[in-house]
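K.L.:
Mind looking over this structure? Questions follow.
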Amino acid sequence: MSGSQPKRSKQAIENARQLAERYALEAEEYPEERGEALLDAADQWEQAGEPDRAYAIYDQLIAEDLGEDSQFARRSKAGLLYEEGRRAESDTELEILRRSNPMPGPAYMTGELLESQGRFKEALVWFEVAIGVVDATEFGGFDAGTLIASPEYNGRVRIRRALGMPEDELDRAVVRKREEFAELFDRFQEETGQARRREDPIYLFAAFVRADVQRAIAGGLVHADGIGGADSGADAYCRRVERYWRSRSKEAEACRLRVHPATVGGLLAFAEDGGLDPVDADTRAAHARQNVDAGNTVAWPPERNGLCWCGTGRKYKKCCGRPGT
């Protein structure tokens, strides 16, 4: 590994090896989660200082052409190559990824990688690929939930500022919605007597409880381009939601995350009372904000032995918090 890698204790290295082996076993035990489990295993082999084992997993996933998981593997391989001082090879992997119609998740992570390398112009391109629209004038109405919950929008604002670019319509919308949410949480904290520090922000997410996912999908309330996706059942939906929340948690370690476990009935009633369209993303965002005011949110992640946020009544560690999720 390159000299930029932090030194790790023998215990930390051993822990990483054990986790890598455990994730590899979970890839066999839970074939529907195989790609994600192997990505976790490769990451731990990196942490253990055994890059060759990580490369082997990344190459395996890339060869199997597993869609998003394969794209994540290629992006992770590019990151590891860069850390080892092999920039030309890293750039080759990113160019292959660019030509493969990258999905939002891998595109965003690539933008973060290039941002960490100080390659801001290239990072901006990848953040805009993740958003799906480069020309900010194409945004007519802004989806409040998307602007707040999707890190690629904040990444775009951050990079444009670093490049000294003037704010455009999309930048202003992102900043405005972020400030609105911050004010909302400030008021909520004051009303509940829970003071918070300005430097310790809170992020709000909403997801349907597991029992309502199929109904939400059937009713068009889960969009295919949302973090939960709309092309499979409750298990896949909850996995994607968890994975997205974990990525946000890693992105902003100082932030606290709160979740609104939404029900279809609650959303439909809210929409009916206000004469709103329940399918509209802004309606869902307004519904979530109302539940913040009512205190109907839970801290995420829950304690390992606490109840899972998804409403099953099971412990988090045995449900959505199970390793490999």
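The values are calculated or read from the model by the stated rules, or taken from the named source; none is laboratory data. Not measured: the values here are computed from a predicted model. Virtual Cβ from ideal backbone geometry, glycine too; neighbours counted across all protein chains shown.
K.L.:
Taking the condition out of contact with any Cys (no Cβ under 7 Å at 6 or more places or on another chain), buried (at least 19 other Cβ atoms within 10 Å of the Cβ) and not hydroxyl-bearing (Ser, Thr, Tyr), does Asp69 pass?
P.N.:
yes
K.L.:
Which residues, taken from the stretch 47-87, are outside any helix (DSSP H, G or I) and under 19 Å from Ala20 (Cα atoms)? Explain how you work it out, then say what you get.
P.N.:
Pass one, the stretch 47-87, residues outside any helix (DSSP H, G or I): 48-50, 65-67, 84-86.
Once the filter is applied, which keeps residues that are outside any helix (DSSP H, G or I) and under 19 Å from Ala20 (Cα atoms), the stretch 47-87 yields Ala48, Gly49, Glu50.
K.L.:
Then there's this: Count, please, the residues in the stretch 70-113 that happen to be without any contact (Cβ under 8 Å) to a residue 40 or more places away in the chain and farther than 19 Å from Glu152 by Cβ.
P.N.:
Qualifying residue count for the region: 17.
K.L.:
Examine the stretch 252-273 for a residue that is modelled with pLDDT of 85 or more, in a strand (DSSP E or B) and not aliphatic (A, V, I, L, M), and state whether such a residue exists.
P.N.:
yes
K.L.:
So in the stretch 227-244, with the set limited to residues that are of a type in the set (A, V, I, L, M, F, W, C) and at pLDDT 75 or above, which one is farthest from Ile217 (Cα to Cα)?
P.N.:
Restricting attention to the stretch 227-244, the residues satisfying the condition of being of a type in the set (A, V, I, L, M, F, W, C) are 227, 230, 234, 236, 238, 241.
Going one step further and asking which of them are at pLDDT 75 or above, we end up with 234, 236, 238, 241.
Values: Ala234: 9, Ala236: 12, Cys238: 13, Val241: 14 Å.
Of everything passing the filter in the stretch 227-244, Val241 is farthest from Ile217 (Cα to Cα).
K.L.:
Next question, about the same structure. Quick check: is even one residue across the stretch 8-25 surrounded by 18 or more Cβ atoms within 10 Å (Cβ to Cβ), within 23 Å of Arg243 (Cβ to Cβ) and charged (D, E, K, R)?
P.N.:
Applying the first criterion (surrounded by 18 or more Cβ atoms within 10 Å (Cβ to Cβ)) to the stretch 8-25 yields 16, 19-20, 23-24.
Subset that is within 23 Å of Arg243 (Cβ to Cβ): 16, 19-20, 23-24.
From what is left, the residues that are charged (D, E, K, R) are none.
Checked the stretch 8-25: no residue is surrounded by 18 or more Cβ atoms within 10 Å (Cβ to Cβ), within 23 Å of Arg243 (Cβ to Cβ) and charged (D, E, K, R).
K.L.:
Something else now. Any chance the stretch 91-103 includes a residue that's more than 16 Å from the chain's Cα centre (by Cα), closer than 22 Å to Trp245 by Cβ and part of a loop (DSSP other than H, G, I, E, B)? If you could, list the steps in order and put the result at the bottom.
P.N.:
Of the stretch 91-103, the ones more than 16 Å from the chain's Cα centre (by Cα) are 91-101.
Restricting the remaining residues to those that are closer than 22 Å to Trp245 by Cβ gives none.
So far as the stretch 91-103 goes, no, none of its residues is more than 16 Å from the chain's Cα centre (by Cα), closer than 22 Å to Trp245 by Cβ and part of a loop (DSSP other than H, G, I, E, B).
K.L.:
Tell me, yes or no, whether the stretch 312-323 has at least one residue that is of a type in the set (Phe, Trp, Tyr) and in a loop (DSSP other than H, G, I, E, B). Spell out the reasoning first.
P.N.:
Initially, the stretch 312-323 is screened for residues of a type in the set (Phe, Trp, Tyr), giving 316.
Restricting the remaining residues to those that are in a loop (DSSP other than H, G, I, E, B) gives none.
Checked against the condition, which is being of a type in the set (Phe, Trp, Tyr) and in a loop (DSSP other than H, G, I, E, B), the stretch 312-323 yields no hits at all.
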